[in-house]
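This report concerns only the one structure given below.
The values are calculated or read from the model by the stated rules, or taken from the named source; none is laboratory data. Just so it is clear, the structure is predicted and the values come from calculations on it, not from any experiment. Please note: Cβ atoms are built from the backbone with ideal geometry, for glycine as well, and neighbour counts cover all protein chains shown. To get the accessible areas, we keep the full protein, side chains included, count just its heavy atoms, and leave off ligands, DNA and RNA. Shrake-Rupley method; radii C 1.70, N 1.55, O 1.52, S 1.80 Å.
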Amino acid sequence: MAEKKPVTDLTASEAEAELARLAAAIRHHDRLYYQDDAPEVSDAEYDSLRRRNEAIEARFPSLVRPDSPSGRVGAEPAAGFSKVRHSVPMLSLGNAFDDQDVEEFFARCRRFLGRGKDDPLEIVAEPKIDGLSINLRYEGGKFVQGATRGDGSEGEDVTQNLRTLGDIPAEIAGGAPDILEVRGEVYMTKSDFAALNARQAEAEAKLFANPRNAAAGSLRQLDRRITTSRPLRFFGYAWGEVSAPLAETHWDFLQRLRDWGFPVNPLARRCSNPAETLAFYREVEEQRPGLDYDIDGVVYKVDRLDLQARLGFVSRAPRWAIAHKFPAEQARTVLEKIDIQVGRTGALTPVAHLKPVNVGGVMVSRATLHNPDEIARKDIREGDTVIVQRAGDVIPQVVEVVLEARPEGSQPYVFPDTCPCALRTPVVHEDGEVVARCTGELACPFQQVEKLIHFVSRDAFDIEGLGQKQVAEFFERGLIKTPADIFDLAERDKTSLTPLRNVKGWGAKSAENLFEAIERRRTIGLDRFIYALGIRQVGQATAKLLARHYDGLASWHAAMRQLSEERQAAPGAAKPEEIGPTYSEICNINTIGTAVADEIAAFFGESHNLGIVEELERRLSVVPVETPQATSSPVAGKTVVFTGSLETMSRPEAKARAEALGAKVAGSVSGKTDYVVVGADAGSKAAKAEALGVTMLSEQEWLDLIDERA
Ligand code: IVH
């Protein structure tokens, strides 16, 4: 492939398509990372996806998608544990990859707080522990609940498992607020990880790829005895809900954590300028190989808590902290073979099979090659010696080929032009897409299975006991070919010659549980129903938007068919209004664009798909979804313009606070402006507001309106 186009060169329609692609890719990787504990790409690559997404959004703000990854952290919780809503959301951190990013972070903080370049700004630097973050809730000094981060708003209740950790005090000594939520990282030491894998190997059980996955897998064990047998540890570094202030600085907070009996990382240090933090980063980087736990960077936090409060948050991360990442770990090995995997939408993903090699303490035998262009660009060939890299957690990647070591007579890799499925259907490279796709669609057995797996997955029908493995098994045995077949399983089983309870690996109880789980999903929300169909470009957020827009299944279904007819009748038209009323109505739903509308139209233009939808409708009761209430702040939905210099806060701070209350902050005054907040020395904007008769407020009046005292 040609190198990725610079963001500045993208046209709006390219940007739109790319945002859709990035949203899907990031969601996919989030899920692998947070739910399946089996990431496929390195942190660095994941971060670069997010950064590109952010850069495109910054250039095309009107194209920001409702399911934009920038407003979301992690993935929804897995089934099996009950869910816990975090009273204070658990957020993520922005990343810095080099010294310049760090300098910019400091400059940003200073600007936001209205401080000069040389004013002191104390920072606490701590190692970034590569584990999984959790929230520990104490009431009256007693540990009452522990939860994973989940999607940041809702995690899994792992209280019982956390009680088995020696590092987590069951009770804390006096002096703690009545409600205290301590946050930190659960991790496994490298030596415990090695010992665990040795035991697993002996028992011929699954090996963990790295300590983080082992820790996550152990903590999210439904069987508590298993967690008990797996040595997990904890470092505290943050808090959630508290009924009384904890300290004046982060440094003092860490001291209090220690006094209460929580382990706090001993390397943490208070620094007073960027140079000191960078020196600390290099020290820690040097110590890293000798530490008995994985770290993937250093976190910098503004020390004073009052300043943290003023700096606040931007969508998914605090403005007062940043993670400075370490570069990835690399090793050299031989690429023995390239294999092709087929996904739900027919995308063919090449995978490298490697001679097993130790990369930073983890044995690696497979690496993703992403797509045909990646192979061509790096000229990766079977038999090549390659450099592989992993950053802490993931399925590694091939960075480059060691050309000097290329065997004689080696041939460039030829990407197959047919799908590896039995049909050998031709593969296409669609315009503007880097992936190769099998054109077999529903005839390709790989795609059929992947579509069924998507259908029952957690965000879709979420059928307990029907996962990847079972779907593949049932498909193989001809029991389910289309989603509707799932709902006939129980009925057909009654007259089957080999009922499920007699099948190897199943029993009366597990078969019955499965049929009950399926039965429970016969009633389903319209949003999940839409998402489960696996229409390209229609992710969870878009499915929700569609479900909310229509009052129920029937009106949604009718509109989708109408949409498809309009699109087919106007094949050449590009503008939504020229295509038809339903088409343009859909393009007007929040940020659903033509790319999404076209995919839906294509889906409903296929008789096979219509059949699938109708067969499902016959078997299910699909219920409408509720629309959430708008926020109740006095300025929610209002458009505000700030002008002149403000006394109590910097401009970015004023903007951030207004936005947090649901207001839109605009740069210029127009007829649509609701309020103009006028600071000292205001110029033309104030004049324009006056001319247009827009309500003008002094800084104090604005603060009164939002009910905050200066
Ligand atoms: S502070 C509001 N400090 O890194 C942000 N996070 O990439 C609170 N992490 O979700 C996070 N070590 O799981 C913080 N010393 C540390 C950390 C740390 C590891 C993890 C944490 C967080 C993720 C963000």
Take the residues of segment 195-213 that are away from the ligand (no atom under 16 Å from the Cβ), in contact with a Phe, Trp or Tyr (Cβ under 9 Å, 6 or more places away or on another chain) and under 19 Å from ASP292 (Cα atoms): which is modelled with the highest pLDDT? LEU196
Among residues of segment 269-302 being among the aromatic types (Phe, Trp, Tyr) and in contact with an Asp or Glu (Cβ under 9 Å, 6 or more places away or on another chain), the residue farthest from the ligand (Cβ to nearest atom) is TYR281
Could you identify the single residue in ALA573, ALA558 that is free of Cβ contacts under 8 Å to residues at least 24 places away in the same chain and outside any helix (DSSP H, G or I)? ALA573
Every listed condition ((1) in contact with an Asp or Glu (Cβ under 6 Å, 6 or more places away or on another chain); (2) within 16 Å of the ligand (Cβ to nearest atom)) holds for HIS324 save (1)
Testing VAL314 on (1) closer than 19 Å to ARG657 by Cβ; (2) touching a strand residue (DSSP E or B) at 6+ places or on another chain (Cβ under 9 Å); (3) within 12 Å of the ligand (Cβ to nearest atom), one condition comes back false. Which one is that? (2)
Among helices (runs of 4 or more DSSP H) entirely within segment 208-280, at least 3 residues that are under 21 Å from ASP296 (Cα atoms) occur in 211-219
Can you name the residue in segment 281-315 that is among the charged types (D, E, K, R), at pLDDT below 95 and within 25 Å of the chain's Cα centre (by Cα) and, of all such residues, is nearest to PRO231 (Cα to Cα)? ASP294
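For every residue, the table says whether it meets (1) aromatic (Phe, Trp, Tyr); (2) assigned to a loop (DSSP other than H, G, I, E, B); (3) under 30 Å from ARG528 (Cβ atoms).
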residue	(1), (2), (3)
GLY637	no, yes, yes
ALA658	no, no, no
GLY662	no, yes, yes
SER670	no, yes, no
LYS685	no, no, no
So the check is Cβ under 7 Å with 6+ separation or different chains; which pairs have a first residue in segment 1-27 that's crowded, with 18+ Cβ neighbours inside 10 Å and a second one that's at pLDDT below 85 and among the hydroxyl-bearing types (Ser, Thr, Tyr)? ALA23/SER68
Can you name the residue in segment 85-99 that is among the aliphatic types (A, V, I, L, M) and more than 18 Å from CYS109 (Cα to Cα) and, of all such residues, is farthest from the ligand (Cβ to nearest atom)? VAL88
Flagged in segment 474-502 as assigned to a helix (DSSP H, G or I) and surrounded by 15 or more Cβ atoms within 10 Å (Cβ to Cβ), in numbering order, are PHE474, PHE475, PRO483, ALA484, ASP485, ILE486, LEU489, ALA490, ASP493, LEU500
If a residue has to be buried (at least 20 other Cβ atoms within 10 Å of the Cβ) and of a type in the set (Phe, Trp, Tyr) to count, how many in segment 104-125 make the cut? 2
Quick one: in segment 372-422, which of the residues that are in contact with a Gly (Cβ under 7 Å, 6 or more places away or on another chain) and among the hydrophobic types (A, V, I, L, M, F, W, C) is nearest to VAL434 (Cα to Cα)? CYS419
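Okay, residues lined up against (1) open to solvent by 10 Å² or more (accessible area, probe 1.4 Å); (2) on the phi < 0 side of the Ramachandran plot:
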position	(1), (2)
GLY140	yes, no
GLN145	yes, yes
ASP151	yes, yes
ASN161	no, yes
GLU171	yes, yes
ASP178	yes, yes
ASN197	yes, yes
ALA203	yes, yes
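Would segment 257-264 turn up any residue that is among the basic types (Lys, Arg) and either in contact with a Phe, Trp or Tyr (Cβ under 9 Å, 6 or more places away or on another chain) or crowded, with 20+ Cβ neighbours inside 10 Å (or both)? Spell out the reasoning first.
Start the filter on segment 257-264 by keeping residues that are among the basic types (Lys, Arg), which leaves 258.
Checking the rest, the ones that are also either in contact with a Phe, Trp or Tyr (Cβ under 9 Å, 6 or more places away or on another chain) or crowded, with 20+ Cβ neighbours inside 10 Å (or both) come to none.
No - not one qualifying residue is present in segment 257-264.
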For segment 181-194, the count of residues that are open to solvent by less than 10 Å² (accessible area, probe 1.4 Å) and more than 16 Å from the ligand (Cβ to nearest atom) equals 0
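Could you look through segment 47-75, keep only residues that are within 16 Å of the ligand (Cβ to nearest atom) and among the charged types (D, E, K, R), and pick out the one that is modelled with the lowest pLDDT? Before you say what the answer is, go through the steps one by one.
First, the residues of segment 47-75 that are within 16 Å of the ligand (Cβ to nearest atom): 47-51, 54, 69-75.
So of that shortlist, the ones also among the charged types (D, E, K, R) come out as 47, 50-51, 54, 72.
Details: ASP47: 76, ARG50: 84, ARG51: 82, GLU54: 83, ARG72: 64.
My answer is ARG72.
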Could you grab me the full set of residues in segment 471-503 that are under 17 Å from GLU516 (Cβ atoms) and free of Cβ contacts under 8 Å to residues at least 12 places away in the same chain? GLU491, LYS494, ARG501
Count of segment 111-133 residues which are away from the ligand (no atom under 16 Å from the Cβ), modelled with pLDDT of 90 or more and closer than 19 Å to HIS250 by Cα: 3
Go through segment 430-450 residue by residue and tally those that are open to solvent by 40 Å² or more (accessible area, probe 1.4 Å), out of contact with any Pro (no Cβ under 8 Å at 6 or more places or on another chain) and either part of a loop (DSSP other than H, G, I, E, B) or among the small types (Gly, Ala, Ser) (or both). 5
Pairs with Cβ under 6 Å, 6+ apart, first in segment 221-236 and more than 16 Å from the ligand (Cβ to nearest atom) and open to solvent by less than 70 Å² (accessible area, probe 1.4 Å), second in a loop (DSSP other than H, G, I, E, B) and of a type in the set (Val, Ile, Thr): THR227/THR164
Going through segment 575-603 one residue at a time, which ones are under 29 Å from the mean Cα position of the chain (by Cα) and not aliphatic (A, V, I, L, M)? CYS587, ASN588, ASN590, THR591, GLY593, THR594, ASP598, GLU599, PHE603
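Taking segment 331-344, which residues are within 25 Å of the chain's Cα centre (by Cα) and either at pLDDT 95 or above or surrounded by fewer than 19 Cβ atoms within 10 Å (Cβ to Cβ) (or both)?
Quick first cut of segment 331-344, residues within 25 Å of the chain's Cα centre (by Cα) only: 341-344.
If the condition is that a residue be within 25 Å of the chain's Cα centre (by Cα) and either at pLDDT 95 or above or surrounded by fewer than 19 Cβ atoms within 10 Å (Cβ to Cβ) (or both), then GLN341, GLY343, ARG344 are the ones that fit.
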LEU32 - would you say it is buried (at least 20 other Cβ atoms within 10 Å of the Cβ) and closer than 26 Å to HIS454 by Cβ? no
Condition test on ALA309, is it closer than 23 Å to ASP119 by Cβ, small (Gly, Ala, Ser) and without any contact (Cβ under 8 Å) to a residue 12 or more places away in the chain? yes
Kindly establish whether GLU659 is within 30 Å of THR482 (Cα to Cα) and either small (Gly, Ala, Ser) or surrounded by fewer than 19 Cβ atoms within 10 Å (Cβ to Cβ) (or both). no
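Give the residue, chosen from ASP178, ASP157, that is away from the ligand (no atom under 16 Å from the Cβ) and either out of contact with any Lys or Arg (no Cβ under 8 Å at 6 or more places or on another chain) or without any contact (Cβ under 8 Å) to a residue 40 or more places away in the chain (or both).
Details: ASP157 fails: either out of contact with any Lys or Arg (no Cβ under 8 Å at 6 or more places or on another chain) or without any contact (Cβ under 8 Å) to a residue 40 or more places away in the chain (or both).
Among ASP178, ASP157, only ASP178 is away from the ligand (no atom under 16 Å from the Cβ) and either out of contact with any Lys or Arg (no Cβ under 8 Å at 6 or more places or on another chain) or without any contact (Cβ under 8 Å) to a residue 40 or more places away in the chain (or both).
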